[in-house]
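*Asks:* Mind looking over this structure? Questions follow.
The values are calculated or read from the model by the stated rules, or taken from the named source; none is laboratory data. Everything numeric here is computed off the predicted structure, so don't read it as measured data. Heads up, the Cβs are rebuilt from the backbone with ideal geometry, glycines too, and the neighbour counts pull from every protein chain shown. Remember, those area values only see protein heavy atoms, side chains included, never the ligands or the DNA or RNA. Shrake-Rupley method; radii C 1.70, N 1.55, O 1.52, S 1.80 Å.
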Amino acid sequence: MQQARGEPQDFDRVLTSMCTEPHPRAREAAERFLATNPGDPGTYESVTEMEATAVEMLGTVAGLEDPAGYITSGGTEANIQAIRIARNRAETDDPNVVAPTSAHFSFRKAAEVLGVELRSGPVTDHRADVEAMTELVDTDTVAVVGVAGSTEYGAVDPIPALAELATDADALCHVDAAWGGFYLPFADYDWQFEHADIDTMTIDPHKVGQAAIPAGGLLARETALFDELAIDTPYLESATQVTLTGTRSGAGVASAVAAMEALWPAGYSDAYDRAMDNARWVADALESRGHEVFGPELPLVAADLSVPMTDELRERGWRVSKTGAGELRIVCMPHVTRSMLRSFVADLDWY
Ligand code: 0PR
């Protein structure tokens, strides 16, 4: 038999991924649990217990005691499931979800799959404009979405105001902290369950959490919210299933627990400090070269470098991408070091 060819990319020029190198213990745990399936708790008991631990730890990160939740395939599944909970709980035949335009495109997938209208409200300075979103809410609104660490700019929405808006509309408040969730505990924002009447949250170990892919996270304040998703599973030992996928990655679950046990809180706090220092450094470097810069609010910087220029950088091996408006985005993940950024800026100066 032929051996599989190819090597994974290395991370030394990757500046805009939202994933990173897993922590060594996360890598080791993923390998040990490769042949386990938390989708069948009757058979794969130990990984099922680990999933409960993962959810408990995610609750600690997100300021929620006794959380309900599970480890998803990623932020997309978590967002879809949160919207599904909101839709199933509501009584309308014509459901809508109100989110800022900065919300991740997974909400567009959720809307399409679930038959829900997605109403997008404008942003001011890349943050949700609560007044504008209020105008979009009506009696058929099933969820109000806030983003805590936006994909393009790392911006944090005014979550408490959005939660109030949801409560007034008898809708659920869902917070998407898929990327930001493991940086935010060390920054000064109101985004946690204890800060506002948040019902559900996406928070992904396989991004800043430094777990192996796939390990997303969906949390809910009340276990009862998951009853909205229960599907009978007659021939399994467990009677119902609330997850979207059936067979699931035990490797993801085990690596999430291993990463959080290794890094919460001191390791994540150090990673945040380092990433923020790096983000500030590169923001200053770009500003001093005459570029307009947004951020860093969290460790993510967007700068108005021209699009051809970012294409040229790609040709030099830099893995960089653009915002929808064409700006260069630099995501300071844990693998991004100062020396990488120095050589990136040196390459910019070369042009
Ligand atoms: N919510 C937010 C705020 C996100 O940023 C993302 C993904 C998601 C949800 C969806 O998460 P999953 O991709 O886990 O389903 N943000 C990145 C993006 O779409 C994902 C990514 C990761 C992109 C690594 C590139 C990459 O190399 O840009």
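*Asks:* Residue by residue through segment 236-250, which ³J(HN,Hα) values in whole Hz follow from phi under the Karplus form 6.51 cos²θ - 1.76 cosθ + 1.60 (θ = phi - 60°), with glycine and proline marked x?
*Replies:* Values, residue by residue: 8, 5, 7, 7, 9, 9, 10, 6, 7, 8, x, 5, 10, 7, x Hz.
*Asks:* While we're on this one: Please report the antiparallel percentage of DSSP beta bridges with both residues in the chain, rounded to the nearest 5. Numbers along the way, then the final one.
*Replies:* Details: 21 of 38 bridges.
Percent antiparallel among DSSP bridges in the chain is about 55.
*Asks:* How far apart, in nanometres, would the label points at Glu135 and Thr233 be if each is projected 7 angstrom from Cα along the Cα-to-Cβ direction?
*Replies:* Each label point lies 7 Å from its Cα, and together they span 4.6 nm.
*Asks:* Another question about this same structure. Would you mind classifying segment 266-350 by shape? Square roots of the alpha carbon gyration tensor eigenvalues, ordered a ≥ b ≥ c; an a/c under 1.5 is rounded, otherwise it is prolate if a/b is larger than b/c and oblate if not.
*Replies:* Values: a/c = 1.77, a/b = 1.56, b/c = 1.13.
Here segment 266-350 falls in the prolate category.
*Asks:* Could you calculate the contour length gain from Tyr351 to Asp188, that is, 0.36 nm times the residue separation minus the distance between their Cα atoms, to one decimal place in nm? Please report the intermediate quantities before stating the final value.
*Replies:* Values: separation 163, 0.36 × 163 = 58.68 nm, distance 3.74 nm.
Gain on stretching Tyr351 to Asp188: 54.9 nm.
*Asks:* How many percent of the accessible area of segment 45-202 is carbon or sulfur, using a 1.4 Å probe? Write down the numbers at each step before the final one.
*Replies:* On the way: 2570 of 6020 Å².
The nonpolar share, carbon plus sulfur, comes to 43 percent.
*Asks:* Could you give the nm distance between label points at Ser343 and Asp273, where each point is 7 Å from its Cα heading toward the beta carbon?
*Replies:* It works out to 2.7 nm between the two label points.
*Asks:* I would also like to ask the following. I need the phi-derived Karplus couplings for segment 87-99: 6.51 cos²θ - 1.76 cosθ + 1.60, θ = phi - 60°, integer Hz, Gly and Pro marked x.
*Replies:* 3J(HN,Hα) across segment 87-99, in whole Hz: 5, 5, 6, 7, 9, 6, 8, 10, x, 10, 10, 10, 9.
*Asks:* I'd like the accessible area for Asp66: 1.4 Å probe, protein heavy atoms, all chains in place, Å² to the nearest 10.
*Replies:* 120
*Asks:* Keeping every protein chain in place, order Glu65, Glu222, Glu297, Glu228 by accessible area at 1.4 Å, biggest value first, i.e. largest first.
*Replies:* Working: Glu65 160, Glu222 100, Glu297 40, Glu228 65 Å².
My answer, sorted largest first, is Glu65, Glu222, Glu228, Glu297.
*Asks:* Sort the chain into rounded, prolate or oblate with this rule: let a ≥ b ≥ c be the square roots of the eigenvalues of the Cα gyration tensor; rounded if a/c is under 1.5, and if a/c is not under 1.5, prolate when a/b is larger than b/c, oblate otherwise.
*Replies:* Working: a/c = 1.87, a/b = 1.21, b/c = 1.54.
Judged from the Cα gyration tensor, the chain comes out oblate (a/c at least 1.5, b/c at or above a/b).
*Asks:* What accessible surface, in Å², does a 1.4 Å probe find on Asp168, ignoring ligands, DNA and RNA and rounding to the nearest 10?
*Replies:* 130
*Asks:* For Val14, enumerate residues with amide H under 5 Å from its amide H, sequence gap 5+ or separate chain, H modeled in the peptide plane.
*Replies:* Here the answer is Arg319, since their amide H atoms fall under 5 Å of that of Val14.
*Asks:* In addition: Is segment 67-148 best put as rounded, prolate or oblate by its Cα gyration tensor, with a ≥ b ≥ c the root eigenvalues, rounded for a/c under 1.5, and otherwise prolate when a/b is larger than b/c, oblate when not? Walk me through the numbers on the way to the answer.
*Replies:* Numbers: a/c = 1.83, a/b = 1.19, b/c = 1.54.
Here segment 67-148 falls in the oblate category.
*Asks:* Under a point spin-label approximation (7 Å from Cα along Cα-to-Cβ), what is the Glu261-Asp170 distance to one decimal in nm?
*Replies:* Here the modelled spin labels are 4.6 nm apart.
*Asks:* Under the Karplus relation 6.51 cos²θ - 1.76 cosθ + 1.60, θ = phi - 60°, what is the ordered set of whole-Hz ³J(HN,Hα) values for segment 46-56, x standing for Gly and Pro?
*Replies:* Those phi angles translate into 5, 6, 5, 5, 5, 5, 4, 5, 4, 5, 4 Hz.
*Asks:* Still on this model: With the full set of protein chains in place, find how many percent of the accessible area of segment 266-350 is carbon and sulfur; take the probe as 1.4 Å. Display every interim value, and only then the final one.
*Replies:* Numbers: 1660 of 3660 Å².
Its accessible area is 45 percent carbon and sulfur atoms.
*Asks:* Please calculate how many Å² of accessible area the chain carries per residue, with a 1.4 Å probe and no DNA, RNA or ligand atoms counted. Let's see the in-between values first.
*Replies:* Numbers: 15580 Å² over 351 residues.
On a per-residue basis, the chain sits at 44 Å².
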